[in-house]
Amino acid sequence: MSLCTCGDVGLYKCPRCARPYCSLSCYKGPVHSQCSEAFYREQVEAELKQRSVSKEEQDKMLKLLQREQCLSSDDEEVDVAELMKDVDIKSETELWGMLTESEQQAFIKSLKSGSITTLLKPKENWWTKESLVYRPTKTRKFENLCSKEPSVNMKYLLLRVIISYVHMEMIYPHKDELLSEYWAMFSRLWDWESATIYTTAEATCIAYTDTANTAGLQEFLPIRSVFENSSKLLAHGQLAAERVCCELYKVLGKVHKISPLPKCDYTKIRKKLQYLASWSLSEHGTVLPALVLELEFYITKLGSDVRKFAEDLNKPGGEIAGKSSKPLIEELPS
C-alpha cells in the first residue's frame with residue numbers, strides 16, 4: 001500500500017516497511033508516522049545498549065524530561081525526579097514503559113528536532129584517528145582477479161562507494177542493530193546498478209548529492225560533512241579504501257543470511273566489492289592521493305559557492321550576480 005496521498009506513483013520504497021512513496025513530504029506524512037517513530041525508538045534503544053550512562057548524563061535526561069513537562073501545560077503534573085529515582089537506565093524497554101504517553105511523545109519530539117543528540121556521546125569513526133592499525137585481509141591480488149586494464153575512471157566508482165559508506169556510518173553508529181535498513185539505504189546511495197560513468201570527483205559528488213536529497217537524508221546530516229569525512233578516510237591511503245570494501249563485503253554477507261537477496265544481485269555486488277578492494281591495493285590505487293586533492297578542491301568550491309550566494313542575496317535589492325534586474329516583460333510605449 002502506497003504512503004502517498006497526493007495521487008502520484010511511488011517510485012521509492014521505505015527501507016523499513018517497503019511501502020512505496022513519491023517524495024519526502026509523503027514519506028514524512030501522518031500515514032507513515034508509526035513506522036518512522038518506531039525507527040527513532042529503535043535507534044535510541046540501539047544507542048543505549050552500546051553504552052553505559054553516567055550520573056551526569058542521567059541528570060541531563062532528567063532536565064530534558066522536566067523541560068518537556070513544563071512545555072505541556074495541559075498534561076497532569078508528574079514528579080519526574082521520583083519517576084527516575086530507581087530506574088535502571090540499561091533496561092531501555094522498561095524505562096520506555098514507565099513513561100506516560102505524553103512523555104513518550106515529548107521524547108519523540110526531541111528526537112525529531114535533534115535536541116536529543118546533545119545528550120548522546122557521538123561515535124568516534126575509525127577514519128578520524130591520526131594513525132590506523134590494519135589487520136591482514138584475504139583480498140586477492142588484482143592481477144590474479146582480472147587480466148584486463150581497469151578504466152581510468154575506476155577511482156570515481158570507488159569514491160561513490162566510500163562516500164555512501166561514510167554517510168551510512170555517520171547516520172547508523174551501531175549498524176549491527178539495523179543491518180537490513182543500513183544495507184537498503186547504502187545500496188540506494190551507492191546506486192550500484194547504475195551504468196553512469198563519472199569522470200571527475202565533482203560530477204561524482206553532485207550525482208551523490210541528488211541521490212541523498214531524493215532519499216531525504218539532507219535533514220539528518222549536512223552533505224558537506226559527509227564529503228569532508230570521506231576525504232579524511234581517503235587520506236589514510238590504499239589500505240583504508242580496501243578496509244571499506246571488506247567491511248561492506250561482510251555486511252552484505254550478514255544481510256544475505258537475514259533476508260536473502262536475489263542471487264543475481266548478490267553475486268554482482270560481491271564481485272564489485274571484491275574488484276574494488278583488489279584495485280585499491282594494486283598499483284592502480286596509488287592515484288588515491290590525487291583523488292583526495294580533487295575531492296578537497298570540490299569541497300572548497302562548495303563552500304565558496306555557498307558564501308557567494310549569501311553575499312549576492314545581501315546586495316541591494318537581493319540581486320544575484322549574473323542575473324539581470326530588468327523585468328522579464330517590458331511594457332511597450334503607448
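Details
- Taking all protein chains together and a 1.4 Å probe, the residues HIS167, HIS256 rank HIS256, HIS167 from largest to smallest accessible area.
- Exposure rank, largest accessible area first [ARG19, ARG140; 1.4 Å]: ARG140, ARG19
- Maximal additional length on extending the ALA195-LEU11 stretch stands at 64.3 nm, based on 0.36 nm per residue less the C-alpha distance.
- Heavy-atom accessible surface of segment 131-206, averaged per residue, reaches 52 Å², computed with a 1.4 Å probe.
- With contacts taken as Cα pairs under 8 Å and at least 6 residues apart, segment 166-230 reaches a relative contact order of 42 percent.
- With every protein chain in place, segment 215-288: carbon and sulfur % of accessible area (1.4 Å): 56
- Charging the Cβ of each Asp and Glu at -1 and of each Lys and Arg at +1, and nothing else, the dipole of segment 169-301 about its Cα centre rounds to 500 debye.
- Computed accessible area, LEU217, all protein chains, 1.4 angstrom probe, square angstrom: 10
- Sites SER33 and LEU132 - FRET efficiency at Förster radius 45 Å, r taken between beta-carbons, to 0.05: 0.60
The values are calculated or read from the model by the stated rules, or taken from the named source; none is laboratory data. Only a predicted model underlies this, so the values are computations on that prediction, with no experimental measurement involved. Glycine gets a Cβ as well: all are built from the backbone with ideal geometry, and neighbour counts include every protein chain shown. Side chains are part of the model used for accessible areas, which takes the heavy atoms of the whole protein and leaves out ligands, DNA and RNA. Shrake-Rupley method; radii C 1.70, N 1.55, O 1.52, S 1.80 Å.
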